[in-house]
Amino acid sequence: MLKKSSLVLWGAALFIAWHGLLLLFLWSRPPSPAADGARLTAEVIRLAQDAETELERQKELLRQIHRYSQLWGRRRVPITPKSSQIPPRLSPPPPPPLTDAADVVLPVLVLACDRSTVRRCLDKLLRYRPSAQRFPVIVSQDCGHAETAAVIASYGDAVAHIRQPDLSDIPVPAEHRKFQGYYKIARHYRWALGQVFRTFRYRAAIVVEDDLEIAPDFFEYFQAAFPLLLADRSLWCISAWNDNGKEQMVDVGQADLLYRTDFFPGLGWLLLAELWDELEPKWPRAFWDDWMRQPEQRRDRSCIRPEVSRTMTFGRKGVSHGQFFDQYLKFIKLNDRFVPFTQLDLSYLKKEEYERSFLPKVYAAPEVKVEELQGNRRRELGTVRLQYSGRDSFKAFAKALGLMDDLKSGVPRAGYRGIVSFIYRGRRVYLAPPSDWTGYDPSWS
């Protein structure tokens, strides 16, 4: 824009200089007969008027350029990039804090590697997104896998395709050689999120991986929950995933039900640029998701998660070699009906209001024994509570009831203040610590 302004200024200066020389030449000519003098005078006046008109036109053009430059500078987000060849800015200033969700663009960052089945992920993203302008899709590819690159390229301008430039092996401790893939994933995440927030300068982003399929209301969910992330600083992400979301363990009739959770779920999640400002300088070399679950990163913040997942994974093949896939992940229920979240009041998810309503509901539920649940007894009680007293009892109850029983830094999957909500044999159950719970114990991991 500055270059264009300079060219216009030089053009105006040359125009004026040329006509000035012409006028000087005409005035310096020797006198001529009266008729010639009259004609010359008229010509000089006409040229002067033309010069004045052209000068005004150039000034108006400069005013327009200045006005559009100011408007451009006030834009909240950049135009969606179509190529990774856009040169990055060096140490760009951080954007001002977000205060309004109305017109913020929420790009979807797809992390891809060597799965040509990324087509399944992209097809659903493009089918369900309500607006290409509001939800641009950026596919960041690691690994340099030619077949996967060809699949991504087949979408043309419908997606932006960027490529991780560093495909080298990463020096790792000898005992971590078999975990080389986790190091590369962490490196890719850091580079790709850096592109989204530093180079392209988006204000927030939805992160998915190439083996996720989304629900029809995936975008509706994030669009509605995004203002909560702005308003409630006790939140640090919105996730589309329920770790205990197997079909028999969720209430599909309450697909509009959302929760707070202290466990970072990932698997389709929204974060703000401000969070990346915080995490980037200390980003780990490997196992980034478990690192996110450590107290030093979580800092007592929570995420929003749904009763019924808005993503499901179809990627059994991966660096984890199918860990949890056959036992849990392939059974996750993907929501199949559209919930108009943007028309619902989600203020109940703000921390103070949530704890005023959720905690009394949990501890008002009658307490039962695990044997009574397994025997499907005391059905007349409706919603019930199963209380655990420590790490071992939690894991024993979780295994007995089909929940994921692993703990990360002491936090159970899908848990909030230690409470895990789920459906067992058709009724709501809260697996909960005592009501005088004082916090998570990282040694439970």
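I'd like to know if the range 199-207 contains one or more residues that are part of a loop (DSSP other than H, G, I, E, B), more than 22 Å from ASP289 (Cβ to Cβ) and open to solvent by 20 Å² or more (accessible area, probe 1.4 Å). Let's see the steps before the verdict.
Looking only at the range 199-207, we keep the residues that are part of a loop (DSSP other than H, G, I, E, B), and these are 200-203.
Checking the rest, the ones that are also more than 22 Å from ASP289 (Cβ to Cβ) come to 200-201, 203.
Filter again for open to solvent by 20 Å² or more (accessible area, probe 1.4 Å), leaving 201.
There is at least one residue in the range 199-207 that is part of a loop (DSSP other than H, G, I, E, B), more than 22 Å from ASP289 (Cβ to Cβ) and open to solvent by 20 Å² or more (accessible area, probe 1.4 Å).
A quick yes/no check of all residues on (1) under 20 Å from ILE419 (Cβ atoms); (2) of a type in the set (Phe, Trp, Tyr); (3) open to solvent by 20 Å² or more (accessible area, probe 1.4 Å):
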{"site": "ARG260", "(1), (2), (3)": "yes, no, no"}
{"site": "PHE263", "(1), (2), (3)": "yes, yes, no"}
{"site": "GLU274", "(1), (2), (3)": "no, no, yes"}
{"site": "ARG285", "(1), (2), (3)": "no, no, yes"}
{"site": "MET292", "(1), (2), (3)": "no, no, no"}
{"site": "GLU296", "(1), (2), (3)": "no, no, yes"}
{"site": "CYS303", "(1), (2), (3)": "yes, no, no"}
{"site": "GLU307", "(1), (2), (3)": "yes, no, no"}
{"site": "THR311", "(1), (2), (3)": "no, no, no"}
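Yes or no, residue by residue, for (1) of a type in the set (A, V, I, L, M); (2) open to solvent by less than 20 Å² (accessible area, probe 1.4 Å); (3) within 22 Å of PHE226 (Cβ to Cβ):
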position: THR148; (1), (2), (3): no, yes, no
position: ALA153; (1), (2), (3): yes, no, no
position: GLY156; (1), (2), (3): no, no, no
position: SER168; (1), (2), (3): no, no, no
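If you check LEU359 against the conditions, is it under 18 Å from PHE263 (Cβ atoms) and open to solvent by less than 80 Å² (accessible area, probe 1.4 Å)?
On the way: under 18 Å from PHE263 (Cβ atoms): yes; open to solvent by less than 80 Å² (accessible area, probe 1.4 Å): yes.
Yes; evaluated as a whole, the condition is true for this residue.
Among GLU352, GLU280, which is free of Cβ contacts under 8 Å to residues at least 60 places away in the same chain and assigned to a helix (DSSP H, G or I)? Break it down stepwise before answering.
On the way: GLU280 fails: free of Cβ contacts under 8 Å to residues at least 60 places away in the same chain.
Being free of Cβ contacts under 8 Å to residues at least 60 places away in the same chain and assigned to a helix (DSSP H, G or I) holds for just one of GLU352, GLU280, which is GLU352.
Any residue at all in the range 309-316 that is at pLDDT 95 or above and of a type outside the set (Ser, Thr, Tyr)?
Yes.
Within the range 405-429, which residues are within 23 Å of GLY375 (Cβ to Cβ) and either outside any strand (DSSP E or B) or acidic (Asp, Glu) (or both)?
ASP405, ARG425, GLY426
Scan the range 210-227 residue by residue and report those that are closer than 23 Å to LYS350 by Cβ and open to solvent by 10 Å² or more (accessible area, probe 1.4 Å).
GLU220, GLN223, ALA224, PRO227, listed by residue number.
THR342 fails exactly one of the following numbered conditions: (1) over 22 Å from the mean Cα position of the chain (by Cα); (2) part of a helix (DSSP H, G or I). What is the number of that condition?
(1)
Does at least one position in the range 378-391 carry a residue that is open to solvent by less than 50 Å² (accessible area, probe 1.4 Å), polar (S, T, N, Q) and at pLDDT 95 or above?
Checking the range 378-391: not a single residue is open to solvent by less than 50 Å² (accessible area, probe 1.4 Å), polar (S, T, N, Q) and at pLDDT 95 or above.
The values are calculated or read from the model by the stated rules, or taken from the named source; none is laboratory data. In this text the structure is predicted, and so the values were computed from the model without any measurement. Glycine also receives a Cβ, built like all others from the backbone with ideal geometry; neighbour counts cover every protein chain displayed. For accessibility, only protein heavy atoms count, side chains too; no ligands or nucleic acids. Shrake-Rupley method; radii C 1.70, N 1.55, O 1.52, S 1.80 Å.
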